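Peer 1: My questions all concern the structure below.
The values are calculated or read from the model by the stated rules, or taken from the named source; none is laboratory data. Computed from a prediction, not measured in an experiment: that's the story for all the values here. Note that each Cβ is placed from the backbone with ideal geometry, even for glycine, and that neighbours are counted across all protein chains shown.
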Amino acid sequence: MTASGTSTSHREYFWRKLHSFTGIFPIGAFLAEHFWSNSYALVSVEKYNEVSRGLQTIPWRVPLEALLIWLPILFHGGYGVYLWWKGKSNVLDYPWMANWMYTLQRWTGLVAFVFIGWHVYTERFLTQGKSTYADVERALSDPLYFWLYIVGIVATSFHLGNGIWNFLCKWGIATSARAQRGAAWFGALVGVTFTAVGLAIVLGVRFDWKPFEFYTLPRQ
Amino acid sequence: MAEKKTVLVRIKRQLAPDQKPYWEEFELTWRPFMNVIILLRDIAERPVTREGKVTTPVAFDANCLEEVCGACAMRINGKARQACSALVDQLEQPIRLEPLTKFPVVRDLFVDRSRMFENLKRMKAWVPIDGTYHLGEGPRIAPEVQQRAYPLSRCITCGNCLEVCPQVNERSDFVGAAIINQVRLFNLHPTGAMHKRERLDAVMGPGGVHDCANAQNCVKACPKGIPLVESISEVNRDAIRQAIFGWLFG
């Protein structure tokens, strides 16, 4: 990516931009799809299993998973650990809002990376890619797993919401102070929405709560 | 008669760049309108610690004494700011004075900020007009552009924005907000814009604009109220545009 034939190395610039881009696409987009599909747990067990089965039996499954999910997450998380190490938070000296966001972004990223690694291992690999509602229900009946999910979902949702704000500022899409405030509200909305939906799914499975079951039942 | 008011101050001292820092405490007579510079001058007049030990005057850097030169930046009660505009009456005591932590200490509160100058050169944050013949007058600057550029030109290179930046540390070579703001300023200037491409090329290099991680402390710590966050974002926008379209269309 040498723009004008000079010898300046743009390698780090490229990796940084790729890192920030992969957080939104495909990772953020996949998270939206993941929460959408899993929301079928709030409809009915049958519907959930039907949707899971549908996703589990798509053609080219493994190459698609590798290219759109595993590789981007490994890169984003791995390079993210390097960035986490490179920054030195000073939020105790300068406890300003955006500085808190900076620090939380680093730590939630780390928590999310560990959680996602464990989550993929238990729900994708241990189940041979054939996870069902019963598997998820069994996992969540363990209080430790239940709380790990809660922490993981909150951290991941925060990281995505704040990451969208970062993305909009750092790609020069929201430049003025006013635009950045707007972008912050948008990011907050995304974060809160993902947290709410994610927690609803976990609570729905854990406590057999099916708020959207009504339309699956026969007409009276 | 009223009791004589005193000021208590603790100073982190260091006699030479390679020596260990240590703390000294001073108790001074309070004076009206006292600022940190006056306080340090009073110590220089009578360099005796609170315990009565005779010591050396505290070295510090200062010039203008009115917050336009940037030289007297230091950590006052843990916060990076200018000593000249830090009024003793508004500070919690004992007042803690420390040198900036992101620059090498020369002695006591005096740090070497020359890396900022080196980085201005590295990011080509100037307008090159030297040559072998007279270039004539530059293009006129529209008042609207002047109004946008003026706040950016108020930078005094004090280094506060680097001091408060979590991305500026020994593991990173990030140049910091002040330098990126100058890139924006000179890209905005019609003569400077003739080298915009080279400047953006430099700012995408090592330690460049991508090292910003949006903690936005710079804009809060800037004594001149420069819209540093906006500057970084605008340089980011120009850089990404050049990176993508420069690559696609040459």
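Peer 1: Within region A:155-170, can you find the residues that are away from chain B (no Cβ under 14 Å) and farther than 17 Å from A:Ser39 by Cβ?
Peer 2: Those that are away from chain B (no Cβ under 14 Å) and farther than 17 Å from A:Ser39 by Cβ: A:Ala155, A:Phe158.
Peer 1: Against the condition touching a residue at least 40 places away in the same chain (Cβ under 8 Å), assigned by TED's automatic domain parsing to the domain that holds B:Ala44, more than 30 Å from B:Lys196 (Cα to Cα) and surrounded by 21 or more Cβ atoms within 10 Å (Cβ to Cβ), how does B:Pro99 come out, does it pass?
Peer 2: Considered against the rule, which asks whether it is touching a residue at least 40 places away in the same chain (Cβ under 8 Å), assigned by TED's automatic domain parsing to the domain that holds B:Ala44, more than 30 Å from B:Lys196 (Cα to Cα) and surrounded by 21 or more Cβ atoms within 10 Å (Cβ to Cβ), B:Pro99 comes out as yes.
Peer 1: While we're looking at this one, here's another question. Here is a list: B:Ala73, B:Ala83, B:Ala125. Which entry is in the same structural domain as B:His189 (by TED's automatic domain parsing), buried (at least 17 other Cβ atoms within 10 Å of the Cβ) and touching a residue at least 12 places away in the same chain (Cβ under 8 Å)?
Peer 2: B:Ala125
Okay, residues lined up against (1) within 7 Å of another protein chain (Cβ to nearest Cβ); (2) farther than 11 Å from B:Val183 by Cα:
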site	(1), (2)
B:Glu198	yes, no
B:Asp211	no, yes
B:Asn214	yes, yes
B:Asn217	yes, yes
B:Lys220	yes, yes
B:Lys224	no, yes
B:Ile232	no, no
B:Ile244	no, yes
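Peer 1: Hey, another quick one. Could you tell me whether B:Asn119 is in contact (Cβ under 8 Å) with a residue 40 or more places away in the chain, closer than 23 Å to B:Cys161 by Cβ and either exposed (fewer than 15 other Cβ atoms within 10 Å of the Cβ) or in the same structural domain as B:Arg171 (by TED's automatic domain parsing) (or both)?
Peer 2: Yes.
Peer 1: State the number of residues belonging to region B:159-216 that are closer than 28 Å to B:Asp61 by Cα, in a helix (DSSP H, G or I) and of a type in the set (Lys, Arg).
Peer 2: 0
Peer 1: Determine which member of the set B:Arg140, B:Arg154, B:Arg148 is part of a helix (DSSP H, G or I), in contact (Cβ under 8 Å) with a residue 40 or more places away in the chain, charged (D, E, K, R) and closer than 27 Å to B:Lys196 by Cβ. Quick ask: steps written out before the conclusion?
Peer 2: Working: B:Arg140 fails: part of a helix (DSSP H, G or I); B:Arg154 fails: part of a helix (DSSP H, G or I).
Matching residue, one of B:Arg140, B:Arg154, B:Arg148: B:Arg148.
Peer 1: Quickly run through region B:217-238 and pick out the residues that are closer than 17 Å to B:Leu120 by Cβ and part of a helix (DSSP H, G or I).
Peer 2: Within region B:217-238, B:Cys218, B:Leu228, B:Ser231, B:Ile232, B:Val235 qualify.
Peer 1: On to the next question. Suppose the filter is surrounded by 15 or more Cβ atoms within 10 Å (Cβ to Cβ), assigned to a helix (DSSP H, G or I), away from chain B (no Cβ under 14 Å) and touching a residue at least 24 places away in the same chain (Cβ under 8 Å); does A:Ala112 pass it?
Peer 2: Spelling it out, A:Ala112 is indeed surrounded by 15 or more Cβ atoms within 10 Å (Cβ to Cβ), assigned to a helix (DSSP H, G or I), away from chain B (no Cβ under 14 Å) and touching a residue at least 24 places away in the same chain (Cβ under 8 Å).
Peer 1: Considering B:Ile129, B:Ile180, B:Ile156, which residue is more than 19 Å from the chain's Cα centre (by Cα) and among the aliphatic types (A, V, I, L, M)?
Peer 2: Checking each option against the conditions leaves just B:Ile129.
Peer 1: Tell me whether region A:201-212 contains one or more residues that are touching a His at 6+ places or on another chain (Cβ under 7 Å), more than 14 Å from chain B (Cβ to nearest Cβ) and either assigned to a helix (DSSP H, G or I) or not charged (D, E, K, R) (or both).
Peer 2: no
Peer 1: Shifting gears a bit: Looking at (1) within 26 Å of B:Asp18 (Cα to Cα); (2) touching a Cys at 6+ places or on another chain (Cβ under 7 Å), can you tell me which one B:Leu65 breaks?
Peer 2: (1)
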